[in-house]
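The values are calculated or read from the model by the stated rules, or taken from the named source; none is laboratory data. What you are looking at is a predicted structure, and each value in this text was computed from that prediction instead of being measured. Glycine gets a Cβ as well: all are built from the backbone with ideal geometry, and neighbour counts include every protein chain shown.
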Amino acid sequence: MGGEAGSRSAACATAHVRSEEAGGALVVSLHRPPLNVLDLPTIRALQAALEPLPARRDLKALVLRSGIEGVFSAGVDVRDHALERVPGMREAFHAVFRLLDALPQATLAAVGGPCRWVERLTGKSGVALAAARKILRSGGGFEPALREAERIYREDVLPSEDVEEGLRAFLRKRRPRWRDR
């Protein structure tokens, strides 16, 4: 970390989230091979890396990046979508997005490489694609869009039989048997 003159490592560094200051920016890197899947400890570490930023007027930018070549993140760990774990996951995940929205710094996501998992998800799920379009069209800013995404997830996606089947299949390492319900 930090080979440049004037660069310093930030206080927040965990095994999966690393921060480094360079040239007036904080660079936060995800390091959770193979796909930077975000489990609760990683989400909380990301939140901890972001929390000091509103008071850091000396930093002009935040760069979120992957420390793994060719992948940004595969998203939240499937295990955290189980009904009993959803409230904690949702609270932590949304806290990160609220922090990002409120930051005074310019925020960049250095994605780099294809987001094939997004293509796979939306290409095979009409519900996911329709939900994404609805959220994007909702307008009105970040908080209303987050509330609408939360409502769709809670009311339309989470209670479906296919969500439970998908979780069971993933955890048992077998192909899911979709019923479109």
Among the residues of region 29-55 satisfying the criterion of being under 13 Å from the mean Cα position of the chain (by Cα) and of a type in the set (G, A, S), which is nearest to M89 (Cα to Cα)?
A45
In region 1-21, residue farthest from A55 (Cα to Cα) [restricted to those that are modelled with pLDDT of 90 or more and not charged (D, E, K, R)]:
H16
Name the residue that is nearest to A110 (Cα to Cα), counting only residues in region 60-75 that are among the hydrophobic types (A, V, I, L, M, F, W, C) and surrounded by 19 or more Cβ atoms within 10 Å (Cβ to Cβ).
L64
Looking only at region 33-84, filter to residues that are part of a helix (DSSP H, G or I) and in contact with a Phe, Trp or Tyr (Cβ under 7 Å, 6 or more places away or on another chain); which one of those is farthest from E164 (Cα to Cα)?
I43
Can you confirm whether G141 is of a type in the set (G, A, S), in contact with an Asp or Glu (Cβ under 9 Å, 6 or more places away or on another chain), in the same structural domain as F72 (by TED's automatic domain parsing) and at pLDDT 65 or above?
no
Members of region 144-177 found to be farther than 16 Å from H81 by Cβ and at pLDDT below 80, listed by number:
P144, A145, L146, R147, E148
